[in-house]
1. Quick one: would you say residue 300 is modelled with pLDDT under 95 and out of contact with any Cys (no Cβ under 9 Å at 6 or more places or on another chain)?
2. Scan 342, 326, 253 and give me the residue that is over 13 Å from the mean Cα position of the chain (by Cα), at pLDDT 95 or above, among the acidic types (Asp, Glu) and buried (at least 19 other Cβ atoms within 10 Å of the Cβ).
3. Of everything in segment 298-318, what is touching a helix residue (DSSP H, G or I) at 6+ places or on another chain (Cβ under 8 Å) and assigned to a loop (DSSP other than H, G, I, E, B)? Give them in sequence order.
4. Among helices (runs of 4 or more DSSP H) lying entirely in segment 166-261, which contain 2 or more residues that are over 26 Å from residue 298 (Cβ atoms) and free of Cβ contacts under 8 Å to residues at least 60 places away in the same chain?
5. Given the criteria touching a residue at least 24 places away in the same chain (Cβ under 8 Å), in contact with an Asp or Glu (Cβ under 8 Å, 6 or more places away or on another chain) and either of a type outside the set (D, E, K, R) or closer than 30 Å to residue 68 by Cα (or both), does residue 145 qualify?
6. Which one of the conditions (1) over 21 Å from residue 158 (Cβ atoms); (2) of a type in the set (A, V, I, L, M); (3) under 28 Å from the mean Cα position of the chain (by Cα) does residue 245 fail to meet, given that it meets all the rest?
7. Given (1) part of a helix (DSSP H, G or I); (2) over 20 Å from residue 339 (Cβ atoms), where does residue 119 come up short, assuming only one miss?
Amino acid sequence: MGFTKVPCNIDKMRMCEYNISIRLGQEAYDALAIFFLELQRMKEYKTFNQQLTILRNRGMIVPQNGAQKRFLEQENYYNVINGYKDIFLTKDAQGNPIKPEAYIQNTHFDELKALFLFDRELRFLFIKYLLIFENSFKTVISHEFSRKYPKANSYLDIANYRDDDSKSVLKQISILTKTIHENVGAKGAIKHYIEEHGSVPLWVLVNYLTIGNLSYLYTALKNSDKNSIAKYYADKYNKQYKPALNLKISSEDMSSVLKITNLIRNQCAHDERLFSTDYKSTRVSNIASYLGINNCNNRRIVVAILYFKVVLNKNYYRKFDSELHDIFKRFTSEFHTVSFDDILNIMGIDLDELKKLI
């Protein structure tokens, strides 16, 4: 189109912008002006050595032995530093990081590294037991639904769902239909059942659904069916633990379990920070009160621990608790600028309260 070729520094890129605007008009000119404004705001690339120098200039202790550089080369500066620095930053009277950023005196690089690795271990642990619960829930919801509605393809009948939100129900049925269509051509159970039986049982189909899909499916059920599923988990808990006062799980409690399970599973799958996540207000007070947990932060990861207690089999929860405390023991002495109790507090965990769950 006859554009002038110029080296791509900022000033001369504006010439490119002008050339393009002449050809494409004012609308393109305005759009490109915004683009180049944002481009100027972008931080320049920093080498690993430059990144470590920045940390030293902000007061962090970073030895010169090369170990920290190798760690950043493997794990990424953004994931380690930007992801886990907040607890180590100097704060003002309102609790906000001061500007420019500065680390608490004697903060060592290895403390951020330890927090990063601690959080990774938490993700490995939680995803392990989330998958166990997910498999359990797939079994329960498919069998409870199929027992109530035994005809073939009953999960595609709008009459078998709640009648006060037809839009959401139709959306859920569409998801189930789409899942079948996407997998009918591939080798596997769906293709087998279509070819051999003409339909796919729900207990086969659920294996192709995400926990998010399952959460929406549960929400679309009739109240009586949701209550039956919630009651299954309450009955299982009461049978295994034989408490003096039986546990009751409402359908609202079960929906909250699925919501948090979905959020945490996605965090674990995408390697996102877990220990400090704010889940907003979560419905857990009934279960916490039943379990004797008086100091429960319903916005933190501790909520998932309480849910695990009531939905996992007894032996699985004991294994989870043991592995969780093993992680705590491995990392408790890794922090000096902040205490490990500070980290547990961010997670909403009180170790004395946690003992009540065993």
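The values are calculated or read from the model by the stated rules, or taken from the named source; none is laboratory data. Here the structure is a predicted model, which is why all the values come from computation and not from measurement. Counting neighbours? That spans all protein chains shown, and the Cβs are built from the backbone with ideal geometry, glycine included.
1. Working: modelled with pLDDT under 95: no; out of contact with any Cys (no Cβ under 9 Å at 6 or more places or on another chain): yes.
For residue 300, the condition - modelled with pLDDT under 95 and out of contact with any Cys (no Cβ under 9 Å at 6 or more places or on another chain) - is not met.
2. Numbers: 342 fails: buried (at least 19 other Cβ atoms within 10 Å of the Cβ); 326 fails: buried (at least 19 other Cβ atoms within 10 Å of the Cβ).
Of the residues listed, the single one that is over 13 Å from the mean Cα position of the chain (by Cα), at pLDDT 95 or above, among the acidic types (Asp, Glu) and buried (at least 19 other Cβ atoms within 10 Å of the Cβ) is 253.
3. Our first condition is that a residue be touching a helix residue (DSSP H, G or I) at 6+ places or on another chain (Cβ under 8 Å); within segment 298-318, this holds for 298, 300-314, 316-317.
Residues satisfying the conditions are 298, 300, 301, 312, 313.
4. Values: elements: 166-183, 189-197, 202-205, 211-220, 223-241.
Per the criteria, 166-183, 189-197, 223-241.
5. Details: touching a residue at least 24 places away in the same chain (Cβ under 8 Å): yes; in contact with an Asp or Glu (Cβ under 8 Å, 6 or more places away or on another chain): yes; either of a type outside the set (D, E, K, R) or closer than 30 Å to residue 68 by Cα (or both): yes.
The answer is yes for residue 145.
6. (3)
7. Condition not satisfied by residue 119: (2).
Residues checked against (1) outside the structural domain of residue 208 (by TED's automatic domain parsing); (2) charged (D, E, K, R); (3) surrounded by fewer than 15 Cβ atoms within 10 Å (Cβ to Cβ); (4) over 21 Å from the mean Cα position of the chain (by Cα):
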residue	(1), (2), (3), (4)
66	yes, no, yes, yes
126	no, no, no, no
129	no, no, no, no
145	no, no, no, yes
